[in-house]
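In what follows, a structure is listed as structure tokens, so that the remarks can point back to it.
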Amino acid sequence: RINDREALEPDLDTLRTTASIHHNMRFSSGHVSTSLIWGRNKDLESHGTRIFNGYTAESTVNFLGENWVWTRIENVDRDRTLLVGETPQALLVGEEPIGRVQAYTFGYERDLPTRISAVKVGLGAQVTTYGLAPQLKPIYGDRPIGFSVFLRIRPTGNAAAHMQMMHQQH
């Protein structure tokens with residue numbers, strides 16, 4: 001239970017429920033990690049009983065030790081708050097979902113050689129396309145798309161084991 005969860009809707013109390021299942025499988029030159037995730041916000045009686053669901057399926061494959069490929073597919077109920085700022089009169093408190101928004105993300109990253117053994121550096125890119133409810137298309141367009149290029153820096157090895165060793169020394 002989350003009380004007063006939204007500034008735009010004071011006194012809105014919500015029951016939030018989530019469930020997920022995860023699977024990881026190693027193979028000779030990498031691994032595959034997959035998750036299926038579901039979440040639900042159910043507004044409590046004072047604002048009507050709106051129910052918003054969200055679903056996500058995602059998978060990441062590490063292959064040949066240095067390559068990463070992933071995909072993420074999301075399907076989420078949305079209300080008119082996505083329209084605020086474009087058409088403020090469209091915000092109707094207590095309104096049912098206007099439809100679902102889908103996001104389809106595909107990405108690739110390659111680990112780069114470094115001279116520092118304590119970190120791994122990767123260069124990657126991802127693209128996300130969206131499926132929109134008809135009410136959102138006049139604002140966001142018929143086929144919105146996002147693209148990003150990034151540099152990732154992360155410590156090598158097992159960070160949890162490293163932290164445990166640090167705490168034992170003190």
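The values are calculated or read from the model by the stated rules, or taken from the named source; none is laboratory data. Only a predicted model underlies this, so the values are computations on that prediction, with no experimental measurement involved. Because the Cβ atoms are built from the backbone with ideal geometry, glycine has one as well, and the counts that use them run over all protein chains shown. For the accessible areas, the whole protein counts, side chains as well, though only heavy atoms, and no ligand, DNA or RNA atoms are used. Shrake-Rupley method; radii C 1.70, N 1.55, O 1.52, S 1.80 Å.
Taking the Cα-to-Cβ direction at A57 and at V32 and moving 7 Å from each Cα, how far apart do the two end points lie in nm?
In this crude spin-label approximation the distance works out to 1.3 nm.
Net charge near L36: determine it from the other residues with C-beta under 14 Å of the C-beta of L36, scoring Lys and Arg +1 and Asp and Glu -1.
The answer is -1.
Apply 1/(1 + (r/R0)^6) to the Cβ-Cβ distance of R1 and I21, taking R0 = 30 Å, and write down the FRET efficiency to the nearest 0.05.
Values: r = 24 Å, r/R0 = 0.80.
FRET efficiency, R1 to I21: 0.80.
Over the Cα atoms of segment 1-58, what Rg and Dmax result, in angstrom?
Rg, Dmax (Cα atoms, Å): 17.0, 55.
What's the extension gain from N75 to L123 if we count 0.36 nm per residue and subtract their Cα-Cα distance?
Between N75 and L123, full extension yields 14.5 nm more.
Carbon-plus-sulfur fraction of the accessible area of segment 4-65, 1.4 Å probe, in percent?
That share works out to 57 percent.
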